[in-house]
Amino acid sequence: MTAPEQNKTLALNAFDTLFNKRDHAAAGDSWPERYVQHGAHIAPGRAGLLDLIRSLSDTLRYEQELVLAEGDHVMLYGRFAGTGSPAASVAADVVRIENGKLAEHWGVLQDEATCAESLSGLPMSGDRSPPDLRPVTPHGRSPAASNAAISLGTSGRQIADDRLEFTGSRTWRGISDW
């Protein structure tokens, strides 16, 4: 096996051990004490990563979609399901391997959109779209259509029957977000 292939195997095993098996002791062997985390939502070091994982739902699972490696860097693309949120999170993670451990991490997380929400109509991960479990307005109508008092003005547009998008802001879905 080449070094990139070995690094892919190491990263996949580390993710499976930490996120799916929830074996914190064994997972600790995959990350050095001075693990470097570039994400804003995880405290520094191996302890910060393990503390975050301990705080998450026991139903959390990592579902691997794609893995690429070059030299000592591995990129993993997959989804985190069972997060306790209505939508799973799709993730792109890049790790740097040093001395057989995941020494450094950069990552991007995004709520997984359904095919109906995606402008391409394609799933973000796998070959099927997840069910849309996020709240919508009564009878599935858009907030604008169900309330004549709502005006989108020049800063907003309706992008689906139940979603509004505002310039410089997030997408608002359903009456519970108002």
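Readers should treat all values here as calculations from the given coordinates under stated rules, not as data from a laboratory. Not measured: the values here are computed from a predicted model. Cβ sites come from the backbone with ideal geometry, for glycine too, and all protein chains shown count toward neighbours.
Run through every distinct alpha carbon pair of segment 1-83 and return the Kirkwood hydrodynamic radius in angstroms, one decimal place.
Values: mean 1/r = 0.0745 Å⁻¹.
Final number for the Kirkwood radius of segment 1-83 is 13.4 Å.
Just to verify a number: FRET efficiency for Asp72 and Ser118, C-beta to C-beta distance, R0 = 30 Å, to 0.05?
Working: r = 34 Å, r/R0 = 1.13.
After rounding to 0.05, the efficiency reads 0.35.
What distance in nm lies between label points placed 7 Å from Cα along the C-beta direction at Thr2 and Ala40?
3.6 nm
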